[in-house]
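The values are calculated or read from the model by the stated rules, or taken from the named source; none is laboratory data. Since the model is a prediction, treat every value here as computed from it, not as a measurement. We place every Cβ from the backbone using ideal geometry, glycine too, and count neighbours over all the protein chains shown. Accessible surface areas use protein heavy atoms only, side chains included; no ligands, DNA or RNA. Shrake-Rupley method; radii C 1.70, N 1.55, O 1.52, S 1.80 Å.
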Amino acid sequence: EDGIRDYKVTGVQTCALPICHEHIDVIAAQMLQCLYELHKSGYLHGDVNPKNFRVDSKDGKVYIIDFQLSKEYVTPSGLHVIEEGGVRPLGFLPFISLNQHVKRNMSRRDDLEALGYTLLYYLTTYNG
């Protein structure tokens with residue numbers, strides 16, 4: 001009930017993820033799968049937080065949305081991007097990783113850490 005409206009994701013009617021504790025493991029596995037598929041394609045999400053996940057209201061499938069801060073983490077030759085340091089933190093601050101707070105380049109690890117913060121948010125916010 002935080003003002004999140006329904007969204008259309010690739011033609012699928014979806015809604016925000018108010019979840020109950022007894023289903024957190026199923027939802028978490030699907031959220032992790034979303035990140036796995038994105039990372040497998042060579043991209044970081046960069047803004048993993050509760051507002052960027054949606055669930056199909058018909059079959060319960062979880063989708064990740066909002067790729068505005070996404071970026072490639074590998075070079076065209078397949079090598080990891082070199083860490084520069086001094087990078088401005090991106091994303092919703094309560095959910096960004098500790099490495100982003102100290103201005104390090106984002107990596108897959110940071111998406112996963114933000115997913116952990118997102119799951120903690122669900123566990124501590126919803127009473128379902």
**Prompt:** Of all residues in the stretch 22-72, which are under 10 Å from the mean Cα position of the chain (by Cα), more than 13 Å from Leu112 (Cα to Cα) and β-branched (Val, Ile, Thr)?
**Reply:** Ile64, Ile65
**Message:** Quick check on the stretch 59-73. Is at least one of its residues open to solvent by 70 Å² or more (accessible area, probe 1.4 Å) and among the acidic types (Asp, Glu)?
**Reply:** yes
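Give the residues of the stretch 93-111 that are surrounded by 21 or more Cβ atoms within 10 Å (Cβ to Cβ) and touching a Lys or Arg at 6+ places or on another chain (Cβ under 8 Å), sorted by residue number. Give the steps one after another, and end with the answer.
Of all residues in the stretch 93-111, those surrounded by 21 or more Cβ atoms within 10 Å (Cβ to Cβ) come to 95-97, 100, 106, 110-111.
Scanning the stretch 93-111 gives Ser97, Met106.
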**Request:** Could you pull out the residue among Leu123, Leu119 that is in a helix (DSSP H, G or I) and more than 13 Å from the chain's Cα centre (by Cα)?
**Result:** Leu123
**Prompt:** Can you tell me how many residues in the stretch 112-125 are open to solvent by 20 Å² or more (accessible area, probe 1.4 Å) and among the aromatic types (Phe, Trp, Tyr)?
**Reply:** 2
**Pairs with Cβ under 9 Å, 6+ apart, first in the stretch 90-114 and over 12 Å from Asp47 (Cα atoms) and in a helix (DSSP H, G or I), second among the hydrophobic types (A, V, I, L, M, F, W, C) and open to solvent by less than 50 Å² (accessible area, probe 1.4 Å)** = Asn99/Met106
